[in-house]
1. Being surrounded by fewer than 22 Cβ atoms within 10 Å (Cβ to Cβ) and modelled with pLDDT of 95 or more narrows it down to one of 92, 59, 85, so name that one.
2. Examine the stretch 120-128 for a residue that is within 30 Å of residue 26 (Cα to Cα), modelled with pLDDT of 95 or more and part of a loop (DSSP other than H, G, I, E, B), and state whether such a residue exists.
3. Does the stretch 1-41 hold any residues that are within 21 Å of residue 124 (Cβ to Cβ) and within 15 Å of the chain's Cα centre (by Cα), and which are they?
4. For the stretch 201-218, enumerate the residues that are farther than 17 Å from residue 258 by Cβ, in contact (Cβ under 8 Å) with a residue 40 or more places away in the chain and surrounded by fewer than 21 Cβ atoms within 10 Å (Cβ to Cβ).
5. Output yes when any residue across the stretch 31-39 is in a loop (DSSP other than H, G, I, E, B), modelled with pLDDT of 90 or more and assigned by TED's automatic domain parsing to the domain that holds residue 87, and no when none is.
């Protein structure tokens, strides 16, 4: 593992930090972070990825003001920016890779906040020299956390329900979508599943669904009603696909930390009665 703390600890420790100390990132910390960013070049579906750290300017902060609650990000000294090859699974891979970076950033003492939107023609895209065959689906603010959250940050968290999560029986199932998964029945994988439940998601919608069949875990995307309409209205990328990548990251890192080996594979689930609003994505095949 790349982390000094356990993945479970980092996942529980991380939260969407919107208020930062007005303090620049030291050069030695920049070097550590940049070195890690340069090592993240692909993810589960082999999408070509690249990431960089930029110092925040007033122009960068102004670019967030038209993106709803992101306009309330206060005094971040930097942003993590990435570009992904525009391919079939680019958003899932981007979510997976950026979440690894965010957990690494948490491990070395930083606060972060996912900022998803449409950045293809933004100042961020220019700073990472986006190519025509690439997309910039999200960025992350980064800096030192201010101990006391601002009033606006507390309101945003309350409105989004950021401290609330759906229960197991709403998201995780055994064999089919009619039978809830029982935590006590799945042994060591219970921790990896719980880390999926704690994953961040756009507007805290938690669109992931998992169906267990013996040693196989099928991952599905359950669309939030009206989500695609809002996506077109606000001209954002498909953030719920990014959310799926984040969930996969939490699952895999947690499983491997407990020596539960496996691999991701796209298969046709044999016994799952796929509901119309559940889109199959990928399966974890446990060894």
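The values are calculated or read from the model by the stated rules, or taken from the named source; none is laboratory data. Predicted, not measured: the structure shown is a model, and the values here were computed from it. FYI the Cβ positions are ideal-geometry reconstructions off the backbone, even for glycines, and counts take in every protein chain you see.
1. 85
2. No - not one qualifying residue is present in the stretch 120-128.
3. 16, 17, 40
4. 203, 204, 213, 216
5. No: the stretch 31-39 contains no residue that is in a loop (DSSP other than H, G, I, E, B), modelled with pLDDT of 90 or more and assigned by TED's automatic domain parsing to the domain that holds residue 87.
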